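Colleague: Sharing a structure with you now.
The values are calculated or read from the model by the stated rules, or taken from the named source; none is laboratory data. Just so you know, these numbers come straight off a predicted model, no measurement behind them. Please note: Cβ atoms are built from the backbone with ideal geometry, for glycine as well, and neighbour counts cover all protein chains shown. When the accessible area is computed, the model is the full protein with side chains, heavy atoms only, and any ligands, DNA or RNA have been set aside. Shrake-Rupley method; radii C 1.70, N 1.55, O 1.52, S 1.80 Å.
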Amino acid sequence: MRVGAASHHILQRSFDELGTPLADVTFCVLDLETTGGNRNDDMITEVGAVKVRGGECLGTFQTLVNPGRAIPPKISVLTGLTDVLVAPAPRIESVLPSLLSFLGDAVLVAHNAQFDVGFIRAALRRAERPEWNGTVVDTVHLARRLVRDEVPNCKLATLASRLRLDHQPSHRALDDALATTDLLHLLIERASGLGVLGLDDLVALGKIGGHPMAPKLKLTAGLPRSPGVYTFRGAGDHVLYVGKATNLRQRVRSYFGSDDRRKIGPMLRETQAIGHVELPDPLTAEVVETRMIGSLLPRYNRRGTTANKYCYLRLDTETAWPRLSIVKNPARHGLHLGPLPSRKMASLVQEALQTAIPLRRCTQRLSRNYTAPLDAPVCRAAQLGVAHCPCSGTADPAEYAAAVEHASRAFTGEPSFVVERLGDRMRSLAGQQRFEEAAMTRDRLSALLGAIRRTQLLDALGRALHTEVTSGDITWVLADGHLVDTRTSTTLTSALPIGPLGSIVVGAPVLREHADEALCLAKFFDKHAERLTVTCSGTWGFPITSIEKIPPLSRAA
């Protein structure tokens with residue numbers, strides 16, 4: 001066994017280290033010779049490794065390994081290794097400690113890494129040693145991406161010959177490792193033309209394969225590895241898509257590989273430039289993304305572009321005989337749930353309340369002095385016994401006032417009466433094996449509880465008024481329910497690149513155009529309330545007290 005480098009302890013690479021410039025990354029290029037291709041049945045006969053950093057060789061590792069079984073003749077012909085040659089060599093169980101020490105915290109590189117890493121992991125399992133899960137770079141995948149048009153195939157011998165590498169493979173471990181090292185350096189040089197500057201870029205490049213839009217990777221060269229908002233831009237600098245990211249560079253480059261959504265291909269074909277706004281933290285990035293989407297309405301965005309479809313469920317408590325109605329914009333009076341994301345959702349909420357509470361369903365306007373004609377018809381819902389019908393003069397004012405009170409309590413966050421009534425109905429239907437109807441009731445109740453919580457979150461944000469919220473070294477400054485500044489320990493203020501689309505008035509429903517930003521902030525504060533330090537001029541209501549839960553069905557529907 002020959003080792004030509006200092007050993008290191010094994011360390012798991014962190015997320016930040018993956019962004020290390022390639023010139024600062026230590027690579028350990030590994031090659032194995034074995035008795036065959038089955039990692040579970042065949043055994044290692046030779047190990048070769050080369051450690052490099054910044055184009056310089058830091059050391060080599062080479063040893064024969066006694067496989068504990070006969071080497072097949074065809075393998076001996078291929079590698080030159082015989083039973084006599086490997087007989088005095090150590091077993092792999094004795095080699096592993098030295099090999100792992102040589103590898104240390106370096107990035108493992110191999111040509112067809114699945115083969116070499118598979119054999120190493122199988123040997124570790126047989127030796128009852130911890131599994132190795134370090135970062136791996138496969139030069140086969142990189143070669144297919146970068147030089148496939150220049151060579152007939154991506155075998156190591158073919159690449160070494162056609163690309164005129166300094167070392168040529170010989171089916172011996174160290175020779176092949178040295179040839180793979182030369183190949184790695186050539187591929188890194190080629191990859192730099194696609195904006196591959198860090199380790200994360202190199203690892204991701206191998207997964208991109210033959211993506212038809214991969215040449216546009218050079219558009220990502222200037223992206224930082226920090227939170228922010230990115231934009232894909234087409235002809236005339238027209239914004240096609242807006243997105244947010246914790247790591248701008250990694251997220252945008254993922255569109256050229258792992259993201260297979262149907263709209264991505266057409267969007268990338270139209271893309272001529274990629275812009276970005278670097279921001280202090282992911283929350284600020286989400287807020288700015290929401291504002292930009294709402295303002296620009298990019299063609300390839302779906303979420304955040306439908307505020308014009310939002311609506312409210314209203315209970316007109318100022319009238320003599322209040323009723324439920326779905327409205328596009330909130331009224332000056334009455335109680336509201338919302339804004340809700342669609343009329344379909346609002347209808348489910350309305351149906352939940354009407355199923356549990358016998359409010360009138362007719363749309364006739366009734367004054368406080370209304371007197372029903374003697375021949376006034378009774379509406380169908382009243383005939384079925386599920387609603388009062390004041391327009392026919394059959395409704396009792398006291399009973400109707402009690403129904404309105406139950407509905408009002410649900411609107412203001414106390415839906416226990418409705419939950420109990422709908423829970424009883426669900427269990428009754430399930431007991432009658434009417435499972436589809438029970439499931440429909442459950443869906444209505446779920447929509448109602450979601451609408452109540454959504455409204456509570458928005459109300460809590462509005463009641464805070466002027467607020468400073470601190471977590472760690474970041475402070476978010478809010479006024480009237482929208483973010484106005486983000487401060488960090490190193491920056492006094494971070495002016496946001498786009499202003500808010502609306503504001504919250506205490507006691508009034510949140511306007512549709514401001515709902516997305518307000519919910520973004522409210523959900524974050526609600527989720528992380530325990531680790532926040534808050535100063536506000538109003539009332540801080542986070543976390544929101546949990547409301548009623550959906551009762552389970554006796555049988556899964």
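Colleague: If you go through segment 322-347, how many residues are of a type in the set (Ser, Thr, Tyr) and open to solvent by 30 Å² or more (accessible area, probe 1.4 Å)?
Modeller: 2
Colleague: Would you point out which residue out of 423, 462, 393 is open to solvent by less than 60 Å² (accessible area, probe 1.4 Å) and touching a Gly at 6+ places or on another chain (Cβ under 7 Å)?
Modeller: 462
Colleague: Now, a different point. Of these, 127, 106, 110, 123, which one is more than 16 Å from residue 174 (Cβ to Cβ), touching a helix residue (DSSP H, G or I) at 6+ places or on another chain (Cβ under 7 Å), touching a residue at least 60 places away in the same chain (Cβ under 8 Å) and of a type outside the set (Phe, Trp, Tyr)? Explain how you work it out, then say what you get.
Modeller: Working: 127 fails: touching a residue at least 60 places away in the same chain (Cβ under 8 Å); 106 fails: touching a helix residue (DSSP H, G or I) at 6+ places or on another chain (Cβ under 7 Å); 110 fails: more than 16 Å from residue 174 (Cβ to Cβ).
Selected residue: 123, the only one of 127, 106, 110, 123 that is more than 16 Å from residue 174 (Cβ to Cβ), touching a helix residue (DSSP H, G or I) at 6+ places or on another chain (Cβ under 7 Å), touching a residue at least 60 places away in the same chain (Cβ under 8 Å) and of a type outside the set (Phe, Trp, Tyr).
Colleague: What pairs come out if I take residues in segment 201-221 that are charged (D, E, K, R) and pair them with residues that are crowded, with 20+ Cβ neighbours inside 10 Å and at pLDDT below 85 whose C-beta lies under 6 Å away, six or more apart or interchain?
Modeller: 218/194
Colleague: I'm trying to understand the selection: among the residues of segment 131-156, which are loosely packed, with under 15 Cβ neighbours inside 10 Å and either touching a residue at least 12 places away in the same chain (Cβ under 8 Å) or closer than 24 Å to residue 192 by Cα (or both)?
Modeller: 133, 148, 149, 150, 152, 153, listed by residue number.
Colleague: Could you pull out the residue among 381, 402 that is open to solvent by less than 60 Å² (accessible area, probe 1.4 Å), free of Cβ contacts under 8 Å to residues at least 12 places away in the same chain and farther than 23 Å from residue 510 by Cα?
Modeller: 402 is the lone residue from the list that is open to solvent by less than 60 Å² (accessible area, probe 1.4 Å), free of Cβ contacts under 8 Å to residues at least 12 places away in the same chain and farther than 23 Å from residue 510 by Cα.
Colleague: Another question, then. Of (1) touching a helix residue (DSSP H, G or I) at 6+ places or on another chain (Cβ under 8 Å); (2) within 21 Å of residue 383 (Cα to Cα); (3) crowded, with 21+ Cβ neighbours inside 10 Å, residue 350 satisfies all except one. Which?
Modeller: The number of the failed condition is (1).
Colleague: What pairs come out if I take residues in segment 411-425 that are hydrophobic (A, V, I, L, M, F, W, C) and pair them with residues that are open to solvent by 20 Å² or more (accessible area, probe 1.4 Å) whose C-beta lies under 6 Å away, six or more apart or interchain?
Modeller: Hits for this filter: 411/335; 417/406; 419/548.
Colleague: Give the residue, chosen from 291, 225, 302, 253, that is in contact (Cβ under 8 Å) with a residue 24 or more places away in the chain, of a type in the set (D, E, K, R) and farther than 30 Å from residue 134 by Cα.
Modeller: Criteria check complete, one pass: 291.
Colleague: Among the residues of segment 118-130, how many are assigned to a loop (DSSP other than H, G, I, E, B) and either surrounded by 16 or more Cβ atoms within 10 Å (Cβ to Cβ) or under 33 Å from the mean Cα position of the chain (by Cα) (or both)?
Modeller: The initial filter retains those residues of segment 118-130 that are assigned to a loop (DSSP other than H, G, I, E, B), namely 127-130.
Filter once more, so that each one left must be either surrounded by 16 or more Cβ atoms within 10 Å (Cβ to Cβ) or under 33 Å from the mean Cα position of the chain (by Cα) (or both): 130.
Total meeting the criteria: 1.
Colleague: Next question. Just to be sure, is residue 446 of a type in the set (Gly, Ala, Ser) and under 37 Å from the mean Cα position of the chain (by Cα)?
Modeller: yes
Residue-by-condition table, conditions (1) part of a helix (DSSP H, G or I); (2) more than 40 Å from the chain's Cα centre (by Cα):
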site: 144; (1), (2): yes, no
site: 153; (1), (2): no, no
site: 165; (1), (2): no, yes
site: 169; (1), (2): no, yes
site: 175; (1), (2): yes, yes
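Colleague: Now for a different question. Just to verify a result, which residue in segment 210-238, among those that are part of a loop (DSSP other than H, G, I, E, B) and open to solvent by 70 Å² or more (accessible area, probe 1.4 Å), is modelled with the lowest pLDDT?
Modeller: 210
Colleague: Would you mind stating whether residue 363 is in a helix (DSSP H, G or I), of a type in the set (Val, Ile, Thr), open to solvent by 20 Å² or more (accessible area, probe 1.4 Å) and farther than 30 Å from residue 234 by Cβ?
Modeller: Against the criterion (in a helix (DSSP H, G or I), of a type in the set (Val, Ile, Thr), open to solvent by 20 Å² or more (accessible area, probe 1.4 Å) and farther than 30 Å from residue 234 by Cβ), residue 363 does not qualify.
Colleague: A further question follows. Filter segment 385-409 for residues that are farther than 17 Å from residue 352 by Cα and assigned to a loop (DSSP other than H, G, I, E, B); which is modelled with the highest pLDDT?
Modeller: 396
Colleague: How many residues, within segment 293-321, are open to solvent by less than 70 Å² (accessible area, probe 1.4 Å) and within 30 Å of residue 234 (Cα to Cα)?
Modeller: 11
Colleague: Of everything in segment 489-512 that's surrounded by 15 or more Cβ atoms within 10 Å (Cβ to Cβ) and modelled with pLDDT of 80 or more, which residue is farthest from the chain's Cα centre (by Cα)?
Modeller: 509
Colleague: Quick one: how many residues across segment 162-190 are open to solvent by 70 Å² or more (accessible area, probe 1.4 Å) and free of Cβ contacts under 8 Å to residues at least 40 places away in the same chain?
Modeller: Counting residues in segment 162-190 that are open to solvent by 70 Å² or more (accessible area, probe 1.4 Å) and free of Cβ contacts under 8 Å to residues at least 40 places away in the same chain gives 6.
Colleague: Find the strands (runs of 3 or more DSSP E) located wholly in segment 239-347 whose residues include 1 or more that are among the charged types (D, E, K, R), and list them.
Modeller: Filter on segment 239-347 gives 239-245, 273-278, 311-315.
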